[in-house]
Amino acid sequence: MITRIVFLGVAVAVGVVIFRLLRAGRIREKYAALWIIVGAGVVALAVWPGLLNFLAEGIGVALPVNLLFFLAILLLLGVTLHLSLEASRLEDETRVLAERVALLSLEVRRLTKESRPPAPEASEPGAAGDA
């Protein structure tokens, strides 16, 4: 019974934290959905503790805790893959933006050179004023 209360407490805490992060705009919806699914899974295991045993027997896993660890590892691998894809996309986007800024900076320098009147030539060293 105490395990159910702990699981439900963890699920409620995760839900509250995710909701507050969403409201504050600190987490995007696509990431929040993943954590809401994790919280729902924890709630399901807390409400129906025999569910993990049933699933383990149905799949043919010897111990239900092994199934739980396997599912946790799959979840972590999925999150890692997703974050790697996001990092790669952001890196490509940053490179493109840096190239655009460089091209725009070059264009601004070219336009400012064209709009300036030609500078008078400086006197050469050793001319009449240097003695």
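We did not get these values from a lab; they are worked out from the coordinates using the rules stated. Everything quoted here is computed from the prediction, not taken from an experiment. So basically every Cβ, Gly included, is an ideal-geometry build from the backbone, and we count neighbours across all protein chains shown.
Here is how the numbers come out for the structure above:
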| item | result |
| --- | --- |
| Anisotropy class of segment 1-48 from Cα gyration tensor, a/c 1.5 cut | oblate |
| Distance (nanometres) between label positions extended 7 Å along Cα→Cβ at Thr80 and Ala98 | 2.7 nm |
| Helix-only [θ]222 nm of the chain, DSSP H runs n ≥ 4, -39500 (n - 2.57) each, per residue, nearest 500 | -28500 deg cm²/dmol |
| Separation of the Phe70 and Trp48 label points, Cα + 7 Å toward Cβ, nm | 1.9 nm |
| Compactness relative to 2.2 N^0.38 Å, alpha carbon Rg of segment 65-114 | 2.22 |
| Read-out Cα extents along the principal axes in Å, derived from the coordinates shown; its label in [x] 61, 26, 22; [y] 101, 32, 29; [z] 59, 29, 18 | [y] |
| Kyte-Doolittle mean at least -1.0 and Cα axial length at least 30 Å: DSSP H helices in the chain | 2-24, 64-115 |
| Chain lengthening between Ile59 and Ile5 when straightened (0.36 nm per residue, less Cα-Cα) | 16.7 nm |
